[in-house]
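Heads up: the structure comes next, in structure tokens.
The values are calculated or read from the model by the stated rules, or taken from the named source; none is laboratory data. In this text, all values refer to a predicted model and were calculated from it rather than measured experimentally. Cβ sites come from the backbone with ideal geometry, for glycine too, and all protein chains shown count toward neighbours. Protein only, heavy atoms only, side chains kept; ligands, DNA and RNA dropped before computing areas. Shrake-Rupley method; radii C 1.70, N 1.55, O 1.52, S 1.80 Å.
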Amino acid sequence: MEFDLTWILLGLPVAFVLGWVASRFDLRQLRAENRSAPKAYFKGLNFLLNEQQDQAIDAFIEAVQKDPDTSELHFALGNLFRRRGEYDRAVRVHEHLLSRGDLSRTDRERAQHALALDFLKAGLLDRAEDALHRLEGTPFEAQARLALLAIYERSRDWPHATAIARKMHDADQGDFSTRQAHYLCEQALALTGHGELPAAQALLEQAVAAAPEAARARIEMARLQRLMGQPAAVLTTLKTLGERTPAALPLAAPLMVEAAVATGRVPEVQTLLQAHYTLTPSLDVLESLVGIESANEATRGTARQRYVQHLDKEASLVAATKWLAAEKLEHEEFHPQIQRALEQAAKPLTRYRCAACGFEARQHFWQCPGCQTWDSYPARRVEEL
């Protein structure tokens with residue numbers, strides 16, 4: 001059978017025409033898809049601007065399905081999921097991004113940071129910690145370290161928190177010396193609870209060296225010295241506190257008086273507290289002075305007059321209540337009821353208040369239980385603020 005070239009010559013134009021038609025069809029389809037993807041994207045953006053997150057998510061999902069290679073759509077979708085609390089879906093979006101081999105280094109680092117935020121918001125701290133460590137050496141390094149610091153503080157992992165704070169301090173990402181001192185104090189308190197007093201003292205010495213102007217390290221050191229039966233050392237530590245950080249002395253005034261009695265140096269401490277009170281009247285220092293004079297037979301009768309003298313400086317319901325407690329009234333039979341009412345009214349005024357969030361507490365905290373801010377409690381009672 002002879003091969004007929006005529007059919008080939010006739011078939012070539014037909015094949016060309018069919019190929020041209022197919023290419024035109026694919027081009028039209030591609031153009032239609034390219035037009036629909038931006039349309040879905042802008043529709044989602046419009047919903048987002050109108051705070052219609054459900055409709056925005058649906059629109060972005062449609063856009064991602066039509067253009068799966070666009071990383072920006074994935075980032076927008078993942079952020080929306082996170083804001084809505086759908087952390088598992090946000091994690092899947094960002095993990096899908098990280099699995100792509102064609103992702104640029106910038107987008108990969110951005111996706112890693114977004115994934116770490118997903119884990120943080122979801123409360124998966126161990127996975128968040130691992131994701132944040134992967135951001136070392138990236139533009140998100142400083143943010144990652146701050147987040148790690150928050151994780152370690154929340155879990156009370158003070159050794160790791162100390163290491164991160166030191167790393168940030170050395171990298172000039174802020175002054176974290178006081179924060180390091182707090183972490184060392186926390187570790188020292190744990191050691192004290194286990195009876196390891198020399199080890200606790202060594203940590204407190206490091207804390208004092210790390211932040212010489214910080215009050216907590218010296219106050220904790222004085223408490224440890226009292227526990228170790230060293231009242232003279234307690235006085236030395238607290239006198240240094242009064243010189244370096246006088247605003248914190250009211251927190252240590254009762255301990256200072258106790259050490260003064262134990263060492264027989266009451267007049268010296270009384271003079272020191274009086275000098276501080278003259279410069280900055282304080283209810284805690286006032287109470288310590290009253291306690292010293294009440295214990296002295298020569299000044300016992302006039303000790304409570306200090307409350308009246310304090311009222312000349314500041315209007316104080318707390319001081320007035322304490323003075324009235326020992327005063328004889330014309331109708332003395334009603335004194336107990338009146339005294340109880342005044343003490344009840346004055347009780348909230350003796351609390352400490354966080355300057356950051358306003359959380360009030362009967363005791364002074366170095367870290368606010370409400371907002372977790374360090375050093376946000378002034379060493380003064382609510383009435384004195």
Residues that are farther than 30 Å from Val290 by Cβ, among the hydrophobic types (A, V, I, L, M, F, W, C) and modelled with pLDDT of 90 or more: find the helices (runs of 4 or more DSSP H) completely inside region 193-269 holding 2 or more of those.
197-210
Being at pLDDT below 85 and surrounded by 15 or more Cβ atoms within 10 Å (Cβ to Cβ) is true for just one of Val308, Val318. Which residue is that?
Val318
Sort through Ala161, Ala222 and tell me the only one that's under 30 Å from Arg108 (Cα atoms) and buried (at least 23 other Cβ atoms within 10 Å of the Cβ).
Ala161
Boolean, Glu327 is of a type outside the set (Lys, Arg) and either touching a strand residue (DSSP E or B) at 6+ places or on another chain (Cβ under 6 Å) or within 16 Å of Tyr307 (Cβ to Cβ) (or both):
yes
Identify all residues within region 152-163 that are of a type in the set (A, V, I, L, M) and modelled with pLDDT under 90; write none if there are none.
Ala163
Scan (1) at pLDDT 80 or above; (2) of a type outside the set (Lys, Arg); (3) touching a helix residue (DSSP H, G or I) at 6+ places or on another chain (Cβ under 6 Å) for the single condition Leu73 breaks and write down its number.
(1)
Unique match (being open to solvent by 30 Å² or more (accessible area, probe 1.4 Å) and touching a strand residue (DSSP E or B) at 6+ places or on another chain (Cβ under 6 Å)) among Gln363, Gln367
Gln367
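Might you let me know whether region 361-368 holds any residue that is out of contact with any Lys or Arg (no Cβ under 7 Å at 6 or more places or on another chain) and of a type in the set (A, V, I, L, M)? Quick ask: steps written out before the conclusion?
Just the residues of region 361-368 that are out of contact with any Lys or Arg (no Cβ under 7 Å at 6 or more places or on another chain), to begin with: 363-365, 367-368.
If we keep only those that are of a type in the set (A, V, I, L, M) too, we end up with none.
The answer is no, given that none of the residues of region 361-368 is out of contact with any Lys or Arg (no Cβ under 7 Å at 6 or more places or on another chain) and of a type in the set (A, V, I, L, M).
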Could you list all residues from region 232-260 that are surrounded by fewer than 19 Cβ atoms within 10 Å (Cβ to Cβ), under 16 Å from Ala214 (Cα atoms) and touching a Lys or Arg at 6+ places or on another chain (Cβ under 9 Å)?
Thr240, Arg244, Ala247
Is it fair to say Pro378 is in a loop (DSSP other than H, G, I, E, B), open to solvent by less than 50 Å² (accessible area, probe 1.4 Å), at pLDDT 85 or above and not β-branched (Val, Ile, Thr)?
yes
